[in-house]
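Please read through the structure below; I'll follow up with questions.
The values are calculated or read from the model by the stated rules, or taken from the named source; none is laboratory data. It should be emphasised that the depicted structure is a prediction, and the values quoted were computed from it without experimental measurement. Quick reminder, even Gly has a Cβ in these numbers, built from the backbone with ideal geometry, and neighbours come from all protein chains shown.
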Amino acid sequence: MRIKAIQQSLIEAFLMPIKSIRVRYIPLLMIYFSYGIMGFTTIANNFFVKEKLGLSAVELIELSFWIMIPWSIKMIFGQLVDSVTIFGSNRRIYVYIGAILMTLGTLLLISIAGDYTFISSYNKDTIYMISMLITTIGIVMQDVVADTMSTEVIDKNQTPNEIKKELATIQVLARLSLAIAGFMVSGLGGYLAGIYSYETIFIISLFIPILSITGITFVKLNHVESSPLNKKIFFGGLGFAVFIIFMGINKIPFAQEIIFIISFSIVLYMLRELIHELDEDTIKHIKMVMIVIFSYRLSTYIEIGDGVTWWQIDVLGFDKPFFGVLAQIGATLGIIGMWIGGKYIIDKSISSILIFITIINTILALPILGMYYDLHTLIGVDARTIAILDTLALSPFDYIAGVIMLTLVAIYAPEGKKGTWFALMASFMNLAIAGGKLIGKYLNEIFVITREVKENGVVIVNADYSQLGILLWVVIIIGFIVPIVTILKFNPDK
């Protein structure tokens, strides 16, 4: 009887995502799907940066910080989606604009990969940074629309508990869309990167913006009334964006730190403005949720940096096709984990899931640390085998953690302000990631890692991975202690 019950439970878990899909979900799922497809260029992009550009590990982490900024000012896009109608649309039009920006960013990337004459007089590193930033803005714009729609496509003629479950179900389906897309292209991207030029790979990726608009073009959307523009949030966010650009262009000392502190203060102020009319108990729970989300995201997104990838390439001998295999395995396990685990995520307590994921992630971070100390050689196991096994175990939990974060946000989305709410909470979460990147930058400045750099065949910088081990230790310890302590202290389920 027990075996039959387990079989029945697994069958129900497997069928849950299929049974849950509705036609009204398709536009937002297609946006998430296209976002996942962007993983097609990841391996080519990583090798392109290593082989063709002159960016150091610290500079790449700094770039990742600047790329996080559009995610941190999502409140501007959220206000546009909530309040500004263009050509009679306040949803579809912004997905189109996002696709145009993504296309422009990709064209810039193609131009530097192909050494096009019209752009040869400009610095490749600078054009690369601009390309990444423009593409990110396009992705953010589409993401705001998808986030907003995720609370609008639910059936509101349900009990509060049923609505909560549908919100969680939509987040599971969204992560599944990402994972399935990643599965479809990750291995292929690594394989093709080993055959074709970087320029060709980036040209192929031009189909991604087209894919992102298919769902919203062919599926009729319900009309959503615009809400009045919140001038404090919109113009405050706009002023903040101008301030960030000014700081970046003028290369003011400690610009990243100043921007982070001011960003954090502004987002907290705007969130307070948005929720101040809610009852005290709801506000208390929102604050607890915010503390848990911020600490979890910050501590788990402290970047080791590209140094670990360079070490895997130079010391362990990992190549493009093998990185593609790892990505394919990760995507496959992500799908299985989300598909089978979706039912249980919806039914279990959020804090217990987060604690479980934190413990598992810490355990699964140890194999790469062991490989740094040549553990694989001592036990006679190939480094690639350990990397594959580690990827097999780790992959599903990244997706599950993302679902939990977004479900927490969706539960407290206020009526009439959902676009702005999601944008502000996304800004808040991405500020936590930016904080993690800042900490990662400091750690990389303390524990310096360099790859071999040549100019005209002459080595000008030697590869040095001697401090990678201590860097891995520090990141793993922080990633375990901070989330556990915070979740136990500010349990969002209380």
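Give the number of residues within the stretch 235-264 that are among the polar types (S, T, N, Q) and within 13 Å of MET425 (Cα to Cα).
Residues meeting the conditions: 1.
Could you count how many residues in the stretch 48-104 are under 26 Å from ILE433 (Cα atoms), of a type in the set (Gly, Ala, Ser) and either touching a Leu at 6+ places or on another chain (Cβ under 7 Å) or modelled with pLDDT under 80 (or both)?
Of the residues in the stretch 48-104, 6 are under 26 Å from ILE433 (Cα atoms), of a type in the set (Gly, Ala, Ser) and either touching a Leu at 6+ places or on another chain (Cβ under 7 Å) or modelled with pLDDT under 80 (or both).
Look at PHE47 and say whether it is touching a Lys or Arg at 6+ places or on another chain (Cβ under 9 Å) and either outside any helix (DSSP H, G or I) or not β-branched (Val, Ile, Thr) (or both).
yes
Only one of (1) surrounded by fewer than 20 Cβ atoms within 10 Å (Cβ to Cβ); (2) modelled with pLDDT of 75 or more fails for VAL172. Which number is that?
Failing condition for VAL172: (1).
If a residue must be farther than 28 Å from THR362 by Cα, modelled with pLDDT of 70 or more, not charged (D, E, K, R) and not in a strand (DSSP E or B), how many such residues does the stretch 447-462 contain?
1
Name the one entry in SER299, SER263 that is within 20 Å of the chain's Cα centre (by Cα), buried (at least 22 other Cβ atoms within 10 Å of the Cβ) and either closer than 30 Å to GLY54 by Cβ or not polar (S, T, N, Q) (or both).
SER263
Select from the stretch 82-106 the residues that are hydrophobic (A, V, I, L, M, F, W, C) and free of Cβ contacts under 8 Å to residues at least 60 places away in the same chain and list them in ascending order. Full working, then the answer.
To start, the set of residues in the stretch 82-106 that are hydrophobic (A, V, I, L, M, F, W, C) comprises 84, 86-87, 93, 95, 97, 99-102, 104.
Listed by number, the residues that qualify are ILE86, PHE87, ILE93, ILE97, LEU101, LEU104.
Mind listing whichever residues of the stretch 233-251 are exposed (fewer than 14 other Cβ atoms within 10 Å of the Cβ) and at pLDDT 75 or above?
Applying the first criterion (exposed (fewer than 14 other Cβ atoms within 10 Å of the Cβ)) to the stretch 233-251 yields 235, 239, 242, 245-246, 249-251.
Selection gives PHE235, GLY239, VAL242, PHE246.
Among the polar types (S, T, N, Q), touching a Phe, Trp or Tyr at 6+ places or on another chain (Cβ under 8 Å) and at pLDDT below 80, is that true of SER226?
no
Take the residues in the stretch 138-180 that are acidic (Asp, Glu) and assigned to a helix (DSSP H, G or I), then tell me which one is nearest to TYR25 (Cα to Cα).
GLU152
Still on this structure, please answer the following. Out of the stretch 99-124, which residues are of a type outside the set (A, V, I, L, M, F, W, C) and out of contact with any Asp or Glu (no Cβ under 8 Å at 6 or more places or on another chain)?
Taking the stretch 99-124 first, the residues of a type outside the set (A, V, I, L, M, F, W, C) are 103, 105-106, 111, 114-117, 120-124.
Across the stretch 99-124, the qualifying residues are THR103, GLY105, THR106, SER111, ASP115, TYR116, THR117, SER120, SER121, TYR122, ASN123, LYS124.
Can I ask one more? Only one of (1) of a type in the set (S, T, N, Q); (2) modelled with pLDDT under 75; (3) crowded, with 23+ Cβ neighbours inside 10 Å fails for THR407. Which number is that?
(3)
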